[in-house]
1. Among the candidates 302, 313, single out the residue that is in the same structural domain as residue 264 (by TED's automatic domain parsing), surrounded by 18 or more Cβ atoms within 10 Å (Cβ to Cβ) and part of a helix (DSSP H, G or I).
2. Pick from 274, 308: which is over 29 Å from residue 360 (Cβ atoms), in a helix (DSSP H, G or I) and over 43 Å from the mean Cα position of the chain (by Cα)?
3. Would a scan of segment 210-217 turn up a residue that is over 17 Å from residue 16 (Cβ atoms) and at pLDDT below 90?
4. Look at segment 424-434 and say how many of its residues are surrounded by fewer than 16 Cβ atoms within 10 Å (Cβ to Cβ) and under 17 Å from residue 260 (Cβ atoms).
5. Filter segment 190-222 down to the residues that are assigned to a helix (DSSP H, G or I), crowded, with 19+ Cβ neighbours inside 10 Å and more than 10 Å from the chain's Cα centre (by Cα) and list them by number.
6. For residues in segment 399-421 being free of Cβ contacts under 8 Å to residues at least 60 places away in the same chain and not in a helix (DSSP H, G or I), which is farthest from residue 370 (Cα to Cα)?
7. Only one of these conditions is not met by residue 444: (1) over 18 Å from residue 343 (Cα atoms); (2) surrounded by 19 or more Cβ atoms within 10 Å (Cβ to Cβ); (3) modelled with pLDDT of 90 or more. Which number is it?
8. Considering only residues that are closer than 19 Å to residue 222 by Cα, part of a helix (DSSP H, G or I) and at pLDDT 60 or above, which ones fall in segment 155-184?
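The values are calculated or read from the model by the stated rules, or taken from the named source; none is laboratory data. All values reported here derive from a predicted model rather than from experimental measurement. Here the Cβ positions follow ideal geometry from the backbone for every residue, glycine too, while neighbour counts run over all protein chains shown.
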């Protein structure tokens, strides 16, 4: 069951997980960096300077011409000449300085002789420069720091202590941007579309995974497990509709009337016989009504099942009013105190107004306690659309999903309950009377290996 969907979904899920890991993986530093990076990172050391003689190339040097006198004798002669020239100049310079000092002393002596009578105040003594004083050191305050400085210190401490925690989280946890998620999800979305999953269901799964991967951080090594877990949870939520136990409902009223509706060839008659057999095993008495007076051999088919199961069949001629056949079956059940009345109806398309009006009349006259829509799982999105339209025109209470044993895609099983907001009571898994299994979400998840 759902083999094709399982294969496609597992392949698409692996590819999706791989792409998510590639997008969230941070670039690792290279073990052998390039020479260009090394040049920028290493400090540039100044090249050792060679002595000027070593730097000059020997080719450009000009050989010195041989001198007649040795160089040390020549330097001695020059030093003697300079000494002779500087000696008279130094003597003249000392004589000039002595004359200038004498001239300066004469006016000062004359001024002192004339001013003895009227003494002048002494000249102001120049102030000595104040000794260098070091600037006063700031007084150390022993009081507690203010609230503002304390809060800043606490923030710095928190930043320092949480640095390694944030660094570890950056390397071990990861998130995905919404833009990258849109590109990555396309392959998984395509796999779901190929398996007849409804668009509304795909949007729900997409939003759930997007919320999980873009708004939450996950450990990188557990990324695949997190994606599978969220996908499993998202599919489980598709079946979160009010459900009930059929056996408990039947005990609440006698006779309990059940009508089977659906399109042509969906398996209404066969699944009605399976349910009759199941109710017999649980101790309920059953009567059948052959209200399909339109299709050829429909009455004979139901009569064969009734004979095999030992159930009373109420029937009229072909072309008679289906509502009258159902009415007679209900009256027989009341007179015989039978627990359950099962009414078979003709298959019809939702677009056939005359047949839909006939079905509305049958339900209006007989007022069944439960209307079950029988959907064929192999039709995929068509079954989902048919169930939605029948619910709008007539109203359905529950669903039986037939032929799931030959359904390789599984899109109808995943989508029909979410679109109609009606529970799936049973699934048909074969042609035998015992091949009617109660539906649980775990059945789908187990088939998809989630």
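1. Only one candidate qualifies: 302.
2. Exactly one residue qualifies, and that residue is 308.
3. Residues of segment 210-217 that are over 17 Å from residue 16 (Cβ atoms), as a first pass: 215, 217.
Of the ones still in play, those that are also at pLDDT below 90 are 215, 217.
Yes; the residues of segment 210-217 include at least one that is over 17 Å from residue 16 (Cβ atoms) and at pLDDT below 90.
4. Number satisfying all stated conditions: 0.
5. 191, 192, 201, 202, 205
6. Checked segment 399-421; the qualifying residue farthest from residue 370 (Cα to Cα) is 401.
7. (3)
8. Matches in segment 155-184: 181, 184.
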